[in-house]
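Every number here is computed from the coordinates shown, using simple stated rules; none is lab data. Only a predicted model underlies this, so the values are computations on that prediction, with no experimental measurement involved. Virtual Cβ from ideal backbone geometry, glycine too; neighbours counted across all protein chains shown.
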């Protein structure tokens, strides 16, 4: 895939996605999971050739990709693909930036490699099918390792035979179980996938080999990870590009995407009818099974658990009238009013006929009952930021400012926007990475 193959729409969508991912990665760099991982990689030591976004660390390509992958996903604020049933950019972009910085690749090559990674990841995920995710695999990581390997191979300019070996190597490095959702390890899946993808490409470039049937063989990737899959479903790369159709969904709430329709419906009904939390006696959420599948049952007690709780998501929306980064601290989840209100939330699975939400189909219904016996209803089919309800430019800039502003300052945010928008014309990725470093602290 060449830069000349990319339409203006694909380049525009890629630019927006890179900007969104850089923003959430900078915000995530402050999280404990990233701090712990950084301490580990600093102790390992490495030649400083690749940079952390939102931090000052520089290390190996794999180390930088690991940290940026964790940071990009730990807040669950990164973009979503229904084709992938997961989060493509938080895996692919760290791999691209690390290798591009280390090799002094042009911005155009980096942008093209990003598109390659997203495209390969989405087509592989299509072939894996929803049963792969439903059986417990974390598709973001399992398909993401393949996407990251192909993105890194693109930056390195590997020919077809070497790229095929990178693909085969990546097959044996792919991993990630949904049992770890609601913990730091979910974001580790993403960092590991980005780092492993680079390792696969680098090994292949050096002459390391893999089996030609690693993807489609009797004991290959599809057979083991999704026995019902059909490699024929992969289709043709770029027909259409995932970034163009259906497009990625950009999150307006830093929580599992399965809770977003419920959050939006709750915000709408509360604002429309002036509902206050003390007046509420019951909240009923009715959602498709596919929407509820990644969420966890029970009453959460930590911020990470809260990101995977429909009960907490709608309770917080009602209590605060908004859902943002501050919503998902341990303290906010444990506050007595939230713990009490969550116990009034009932979550129901819609009948089978209404369970598909892919590509914007389906809806989530929220019914709030108040002490006067009245029921207040709202339904949402397209959460803000999805292809059916796309973000405006102002929305994207506001999210960027909220995420990156505390670390970069107003001028730094403007510099980051300028660097990302100019990436396709840049001689390298240095300006983007420099703009993503925290502003010096005044003393």
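Largest first, the three principal axis extents of the alpha carbons in the stretch 3-234 are 45, 39, 38 Å in whole numbers.
Across the stretch 257-380, Cα-Cα pairs farther apart than 27 Å form 11% of the total.
Helix 61-74 versus the longest principal axis of the chain: what is the Cα-based angle in degrees, 0 to 90, to the nearest 10? The helix 61-74 is inclined about 10 degrees to the chain.
Among beta bridges from DSSP that stay inside the chain, the antiparallel ones total about 75%. A crude spin-label estimate for the pair residue 372 and residue 223, with each label 7 Å from Cα along the Cβ direction, gives 6.6 nm. Enclosing the Cα atoms of the stretch 163-251 in their convex hull gives a volume equal to 138 cubic angstrom per residue. Each eigenvalue of the Cα gyration tensor of the chain, multiplied by 5 and square-rooted, gives one semi-axis; in descending order these are 36, 25, 19 Å.
Normalised by residue count, the stretch 114-224 yields a Cα convex hull volume of 88 Å³ per residue.
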